[in-house]
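First the structure, in the form of C-alpha cells, and then the observations on it.
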Amino acid sequence: MANTSLLELRNITKQFPGVLANDHINLTLEEGEIHALLGENGAGKSTLMNILYGLYEPTEGEMYVRGQEIKPESPSDSIAAGIGMVHQHFMLIPVFTVTENVMLGYEETQGIGGFLNRRKAGQRIREISDQFGLSVDPNAYIQDLSVGVQQRVEIIKLLYRNADILIFDEPTAVLTPQEADELVKIMRSLVAQGKSIIFITHKLREVLEVADRITVIRRGKLIGTTTPENADQGKLAEMMVGRAVHLEINKIPPTVGKTILQVENLTVLNDLDQLAVDDVTFDVRAGEVLGLAGVLGNGQTELVEAVTGMRPPVEGTIRLLDKDVTNSSPRQVTELGSAHVPEDRQKDGLVLDYSISHNMVLNTYYNPPYTKNGTLQEDKIKASAEQLIKQYDVRTPSAETPASSLSGGNQQKVIIARELSRPTEFLVAAQPTRGVDVGAIEFIHSQIIKQRDEGTAVLLSSTELDEIMQLSDRIAVMYRGRIIAVVDAATTTKEELGLLMAGVVQEKKVKVVEDTTPTE
C-alpha cells in the first residue's frame, strides 16, 4: 500500500461509565517522526495511548501498524507489534538491578536448570545504552538511581524488546530542567536511528522545540494538528483550553508584613542519614513569595519536609507564627494555619484508594461540619467536595471516584483545592504545577499570587525556573544543602540563577537581598 503511515488510528472511541474519554479520534505517526500529543488533564491523551498499548480495549475504532490491522488485548500484543510505552509513573522494581528490571517478562535463560542469563542481558543493555547515549549501568540498583536515570531504564526496556514506536507519557513531568534537556537529546538520537515517537506533554516550549507535528485533544475530541512552524505557545494553549490563556503572571509589588516563618541553623538528614540541609537560616514574611531554587537533590525536599513537620531536624529551630514547631507533627503545623502542597502527590498528598471527597478533607475531617459526635457527616463532605471540584475544575465523573483513577494533573488539582480553600497564614507549595496542563497552571499560579496578596507567607519550591522567577519576590538558591544566595526576583536573570544553581557565585552580577523584615 503506497504512502502508508507507520501507525494509523481510525475513529478510536472509548466509553467509560459516565465518561466519553475518546470520541472518534484519528491520528497518524510517520517513520522517523516525533508527534506531540497535547491536551488538558483528563482530555483523553493517556487513555488513547493505553488503548494503543493494549491496556484498554477501544469501544470503537481500528488501529494499523505499517498497514496491518492490530487488535492488542494486552501490552505483550502491542510489544509484539513493535509498540512500547514509558508511563508517567515508572513500572520498575526498586530492589532489582537495571538488568533484572529490563529482563522482567522477557527473560533469557541458559543451561539445563534454566538459569537467567544476566551476563548476556547486561551486555545487550550496555550496547543499547552506548548506541543511544543513555549512560546507564546495567548492574546498578533502581533504588540508587535518580528519576532521570530511571526513565532511561524504561526507555532501554522498550529498545531491548525491539520497539520501533515509542510512546512517552508526560516524560518530563518529574525531571529537572537539566534532565529534561538530556531527554530531548535522547529523543532526537532515537529518531535519528530509525525510531518514531509519540510524545505526550503539557510543556508547550518542549513541544515547539522537539516535535515535528502537534495534535491537540480537548475533552476527548480531536481539535486539530499543526506544526511548530505554524504555531506558538499562545495558539497551542488556546487550542488546548478553548480560550485565550495568559502565560505571563501579572502581580503588584508585595506588601510585606511580619515574619511568619523563621528558620535558624537548620540541619536535616536524608533517608540514608546523609547531610541534606546544612546549617540553613532564612525567613518568610507575610505577603511575599520566597522561592527555593536549585537542581533537585540539593536539599530542597528535606528542607520542605522539615518545615512541614514531615522530617525531624537534627539541629536548629523552626518557628511558625512565633511558636517553636521544630519537632511538631504535620497536624500541629497545619493547625497553626499552614497549608502544604507536597512534592510527591501520590505518596504524601493523597490516599489513592479514598474517594475524591474524602481526600478533600484529609486535614479537616475531624472538625465540624465534617464530624459530629465522632461520626463523619458524609453529606457535608460530599457537598463540600462537589463545590471544590467545580471551583477548581477537577475532571471526574463524581466526587466518589477514587483518587487513583484520576490523571496526574487532576490529582494535583484535588490537593490544590484542599489546601487553598481554607484560611491560612503560611503556604508551602512544592512543585505545585508538576504534570499539570497549561490552563491549570494559569489557575494555580493566580491562586498562589492571590494568597500572597491577601497576606499569606508563601514558600515555593520548584525546579521550573520560569515558575520560580515569575511567582517569587525573593529567591533563595540551594546548593549542596546550603542557601548560597538570596536574590531579588525582579532584577535577577535566568542565566545568573543558573550559575548560582551550579554553585557559582558572581558577587558583581548577583545582588544578594538584605533582610528588611519590619519589626512589629
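On the basis of being under 21 Å from the mean Cα position of the chain (by Cα) and surrounded by fewer than 18 Cβ atoms within 10 Å (Cβ to Cβ), does Glu206 make the cut?
Numbers: under 21 Å from the mean Cα position of the chain (by Cα): yes; surrounded by fewer than 18 Cβ atoms within 10 Å (Cβ to Cβ): no.
So Glu206 fails the test.
A quick yes/no check of all residues on (1) free of Cβ contacts under 8 Å to residues at least 12 places away in the same chain; (2) farther than 20 Å from Ala476 by Cβ:
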site: Ala244; (1), (2): yes, yes
site: Leu247; (1), (2): no, yes
site: Thr255; (1), (2): no, yes
site: Leu266; (1), (2): no, no
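For Asn359, the criteria (1) in contact with a Phe, Trp or Tyr (Cβ under 9 Å, 6 or more places away or on another chain); (2) buried (at least 16 other Cβ atoms within 10 Å of the Cβ); (3) in the same structural domain as Ser405 (by TED's automatic domain parsing) hold in every case but one, which is (1). Residues in segment 326-356 that are surrounded by 15 or more Cβ atoms within 10 Å (Cβ to Cβ), without any contact (Cβ under 8 Å) to a residue 40 or more places away in the chain and farther than 24 Å from Ala457 by Cβ: there are none. With respect to (1) out of contact with any Gly (no Cβ under 8 Å at 6 or more places or on another chain); (2) surrounded by 19 or more Cβ atoms within 10 Å (Cβ to Cβ), the lone exception for Thr364 is condition (2). The sole residue among Arg474, Arg434, Arg418 that is under 30 Å from Lys347 (Cβ atoms), modelled with pLDDT under 90 and basic (Lys, Arg) is Arg434. Screening segment 281-303 for residues that are aliphatic (A, V, I, L, M), closer than 20 Å to Ala489 by Cα and modelled with pLDDT of 95 or more and picking the one that is surrounded by the fewest Cβ atoms within 10 Å (Cβ to Cβ) gives Leu290. Output the residues belonging to segment 158-183 that are closer than 18 Å to Gln131 by Cβ, part of a helix (DSSP H, G or I) and not aromatic (Phe, Trp, Tyr). Listed by number, the residues that qualify are Leu158, Leu159, Glu182, Leu183.
Taken over segment 35-58, the criterion of being under 15 Å from Leu6 (Cβ atoms) and either of a type in the set (Ser, Thr, Tyr) or surrounded by fewer than 24 Cβ atoms within 10 Å (Cβ to Cβ) (or both) is satisfied by His35 alone. Checked against (1) on the phi > 0 side of the Ramachandran plot; (2) surrounded by fewer than 16 Cβ atoms within 10 Å (Cβ to Cβ); (3) at pLDDT 95 or above, Lys323 passes all but a single condition, namely (1). Residue pairs whose Cβ atoms lie under 7 Å apart, separated by 6 or more positions or on different chains, with the first residue in segment 379-401 and touching a residue at least 60 places away in the same chain (Cβ under 8 Å) and the second surrounded by fewer than 15 Cβ atoms within 10 Å (Cβ to Cβ) and assigned to a loop (DSSP other than H, G, I, E, B), are Pro397/Gly18. Please verify whether segment 316-324 includes one or more residues that are under 27 Å from Ala502 (Cβ atoms) and among the aliphatic types (A, V, I, L, M). Checking segment 316-324: not a single residue is under 27 Å from Ala502 (Cβ atoms) and among the aliphatic types (A, V, I, L, M).
Residue under question is Thr259, and the condition is that it be β-branched (Val, Ile, Thr), more than 21 Å from the chain's Cα centre (by Cα) and exposed (fewer than 15 other Cβ atoms within 10 Å of the Cβ); does it hold? Even if it seems obvious, please write down each step before you answer.
Details: β-branched (Val, Ile, Thr): yes; more than 21 Å from the chain's Cα centre (by Cα): yes; exposed (fewer than 15 other Cβ atoms within 10 Å of the Cβ): no.
The answer is no for Thr259.
The set of residues from segment 270-301 being more than 23 Å from the chain's Cα centre (by Cα) and part of a strand (DSSP E or B) comprises Leu275, Val277, Asp278, Asp279, Val280, Thr281, Phe282, Asp283, Val284, Arg285. Which of the residues belonging to segment 69-89 are under 28 Å from the mean Cα position of the chain (by Cα) and either closer than 15 Å to Ile198 by Cα or part of a helix (DSSP H, G or I) (or both)? Of everything in segment 69-89, those that are under 28 Å from the mean Cα position of the chain (by Cα) and either closer than 15 Å to Ile198 by Cα or part of a helix (DSSP H, G or I) (or both) turn out to be Pro75, Ser76, Ser78, Ile79, Gly82, Ile83, Gly84, Met85, Val86, His87, Gln88.
The values are calculated or read from the model by the stated rules, or taken from the named source; none is laboratory data. All values reported here derive from a predicted model rather than from experimental measurement. Quick reminder, even Gly has a Cβ in these numbers, built from the backbone with ideal geometry, and neighbours come from all protein chains shown.
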